[in-house]
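The values are calculated or read from the model by the stated rules, or taken from the named source; none is laboratory data. These numbers were taken from a predicted model, which means no experiment stands behind them. Cβ coordinates were reconstructed from backbone atoms using ideal geometry, including for glycine residues, and neighbour counts include every protein chain displayed.
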Amino acid sequence: MREISFLASFILCLLFCAMLLPLLKKLKAGQEILQYVTEHSNKQGTPTMGGIAFILAISLVSSVFCDWSNRATAVAIAVFVAYGVVGFLDDFIKIHYKRNMGLHAYQKILVQLAIAVLVAVFVYSDISIGGRIRIPFTDKQADIGYWIIPLVIFIYLACTNSVNLTDGIDGLATSTTICFLAGMIALLKKELVTLEGVGDTYGYKQTLDLISLCYVSCGALVAFLLFNCNDAKVFMGDTGSLALGAIVACVAIFSRMSLFIPIVGIMFVVSSMSVIMQVAYFKFTKGKRIFLMAPFHHHLQKKGWSETRICVLYCIVTVSITLILLGFGE
């Protein structure tokens, strides 16, 4: 059934992209390119908000192939769509006022924070999750109690903004997220064996459904990548990147694998940390820089790397780390 859900999501997203692209062009929903990103000057006016296509595809297909009586699945889709709506508002303002700045930073953070707080409370109250988290590279887990609430809030803010920062060149956020979710599928299948061994029926069922959600998400994203890879016909916009950050967080948190995010999603971490380091160093040294440009993928561009080569690098690192994780405990 999962293979069918992957195919259904793939086909539906293809159809949505094919229908959405001419509509976005007609509405002149083009991306405003930052002037200092000179390598992207030829992308000015490329249709954005393409994330609507995979948000619709994932939501619709998951309603058929996932078990919505499972609270974690229902919450995951709701959070996925909620962050997508935040991104849509940001993109709409950019397009309407023809500028690269959408919602004010404090507005975005406040809304993202509000959603994260609600999910954190759900996680703590869920009998299958609570304060329990898996420890990477071991077969153990720890119960951190109510500390799971601030941790979950931080993860949602970090994931949504890190994926947003990674969405800087054609196909990068899409391909990296596909690799992340594919890696989570492999790790979660391994986790099923452990859950079955300890007789955790509820956790087993919940993890099984999260695997299905990953299949559906990967199907839609692979289809979207056909339109989003270099030379991109459409960008996902904040609509898509914030939603993808949410699904990344949901899959890991709801399977008690929160601590696996900075490992499997190391390239998302690289994107956000390179920006933080660049800004801090620039202010501390009064004008000096660590990277030619941040986030890190722009540094590689300045070094002469093609967009396709950068995407391949990010995917290879993500897949390699997943394989290393899978090797532990064998």
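So which residues in the stretch 275-317 are touching a His at 6+ places or on another chain (Cβ under 7 Å) and surrounded by 14 or more Cβ atoms within 10 Å (Cβ to Cβ)?
If we filter the stretch 275-317 for residues that are touching a His at 6+ places or on another chain (Cβ under 7 Å), which is where we start, we get 291-293, 310.
Phe291, Met293, Ile310, listed by residue number.
With respect to Ile153, is the statement that it is out of contact with any Asp or Glu (no Cβ under 8 Å at 6 or more places or on another chain), over 19 Å from Ala57 (Cα atoms) and hydrophobic (A, V, I, L, M, F, W, C) true? Give the derivation first.
Values: out of contact with any Asp or Glu (no Cβ under 8 Å at 6 or more places or on another chain): yes; over 19 Å from Ala57 (Cα atoms): yes; hydrophobic (A, V, I, L, M, F, W, C): yes.
It is true that Ile153 is out of contact with any Asp or Glu (no Cβ under 8 Å at 6 or more places or on another chain), over 19 Å from Ala57 (Cα atoms) and hydrophobic (A, V, I, L, M, F, W, C).
What number goes with the only condition from (1) closer than 18 Å to Ser241 by Cβ; (2) assigned to a helix (DSSP H, G or I) that Met101 does not pass?
Of (1) closer than 18 Å to Ser241 by Cβ; (2) assigned to a helix (DSSP H, G or I), only one is false for Met101: (2).
Quick check on Ala74: is it surrounded by 13 or more Cβ atoms within 10 Å (Cβ to Cβ), in contact with a Phe, Trp or Tyr (Cβ under 6 Å, 6 or more places away or on another chain) and under 21 Å from Ser212 (Cβ atoms)?
Numbers: surrounded by 13 or more Cβ atoms within 10 Å (Cβ to Cβ): yes; in contact with a Phe, Trp or Tyr (Cβ under 6 Å, 6 or more places away or on another chain): yes; under 21 Å from Ser212 (Cβ atoms): yes.
So Ala74 fits the description; yes.
Given (1) crowded, with 17+ Cβ neighbours inside 10 Å; (2) part of a loop (DSSP other than H, G, I, E, B); (3) in contact with a Ser or Thr (Cβ under 7 Å, 6 or more places away or on another chain), identify the lone condition not met by Ser128.
(3)
Yes/no matrix, rows are residues, columns are (1) surrounded by 17 or more Cβ atoms within 10 Å (Cβ to Cβ); (2) without any contact (Cβ under 8 Å) to a residue 60 or more places away in the chain; (3) at positive phi; (4) touching a Gly at 6+ places or on another chain (Cβ under 9 Å):
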position	(1), (2), (3), (4)
Val251	yes, no, no, no
Ile261	yes, no, no, no
Val264	yes, no, no, yes
Val270	yes, yes, no, no
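Would a scan of the stretch 111-121 turn up a residue that is closer than 30 Å to Lys28 by Cα and either in contact (Cβ under 8 Å) with a residue 24 or more places away in the chain or not small (Gly, Ala, Ser) (or both)? Steps first, answer last, please.
So in the stretch 111-121, the residues closer than 30 Å to Lys28 by Cα come out as 111-112.
If we keep only those that are either in contact (Cβ under 8 Å) with a residue 24 or more places away in the chain or not small (Gly, Ala, Ser) (or both) as well, we get 111-112.
The answer is yes; a qualifying residue exists.
Would you mind finding the one in Leu313, Leu300, Leu292, Leu326 that is among the aliphatic types (A, V, I, L, M), more than 24 Å from Thr160 (Cα to Cα), in contact (Cβ under 8 Å) with a residue 12 or more places away in the chain and in contact with a helix residue (DSSP H, G or I) (Cβ under 9 Å, 6 or more places away or on another chain)? Spell out how you get there, then give the answer.
Values: Leu313 fails: more than 24 Å from Thr160 (Cα to Cα); Leu300 fails: more than 24 Å from Thr160 (Cα to Cα); Leu292 fails: in contact (Cβ under 8 Å) with a residue 12 or more places away in the chain.
Among Leu313, Leu300, Leu292, Leu326, only Leu326 is among the aliphatic types (A, V, I, L, M), more than 24 Å from Thr160 (Cα to Cα), in contact (Cβ under 8 Å) with a residue 12 or more places away in the chain and in contact with a helix residue (DSSP H, G or I) (Cβ under 9 Å, 6 or more places away or on another chain).
Please list, ordered by first then second residue, the pairs with beta carbon atoms under 8 Å, 6 or more apart or interchain, first in the stretch 198-217 and free of Cβ contacts under 8 Å to residues at least 40 places away in the same chain, second surrounded by fewer than 24 Cβ atoms within 10 Å (Cβ to Cβ) and acidic (Asp, Glu).
Between residues of the stretch 198-217 that are free of Cβ contacts under 8 Å to residues at least 40 places away in the same chain and residues that are surrounded by fewer than 24 Cβ atoms within 10 Å (Cβ to Cβ) and acidic (Asp, Glu), the close pairs are Tyr204/Glu196.
If you take the residues in the stretch 245-265 that are assigned to a helix (DSSP H, G or I) and closer than 14 Å to Asn161 by Cα, which one is nearest to the chain's Cα centre (by Cα)? Give the derivation first.
So in the stretch 245-265, the residues assigned to a helix (DSSP H, G or I) come out as 245-254, 258-264.
Within this subset, residues satisfying the condition of being closer than 14 Å to Asn161 by Cα are 245-249, 261-262.
Numbers: Gly245: 3, Ala246: 6, Ile247: 6, Val248: 5, Ala249: 7, Ile261: 11, Pro262: 12 Å.
Here the residue is Gly245.
Please go through the stretch 84-98 and pick out each residue that is aromatic (Phe, Trp, Tyr) and not in a helix (DSSP H, G or I).
The answer is Tyr97, and nothing else.
Output the residues belonging to the stretch 1-51 that are over 22 Å from the mean Cα position of the chain (by Cα), modelled with pLDDT of 85 or more and farther than 20 Å from Ala243 by Cα.
Within the stretch 1-51, Ile4, Ala18, Met19, Pro22, Leu23, Lys25, Lys26 meet the criteria.
Test of understanding: among Phe137, Phe180, which residue is loosely packed, with under 15 Cβ neighbours inside 10 Å, within 28 Å of Ser274 (Cβ to Cβ) and among the hydrophobic types (A, V, I, L, M, F, W, C)? Spell out the reasoning first.
On the way: Phe180 fails: loosely packed, with under 15 Cβ neighbours inside 10 Å.
Going through Phe137, Phe180 in turn, just one is loosely packed, with under 15 Cβ neighbours inside 10 Å, within 28 Å of Ser274 (Cβ to Cβ) and among the hydrophobic types (A, V, I, L, M, F, W, C): Phe137.
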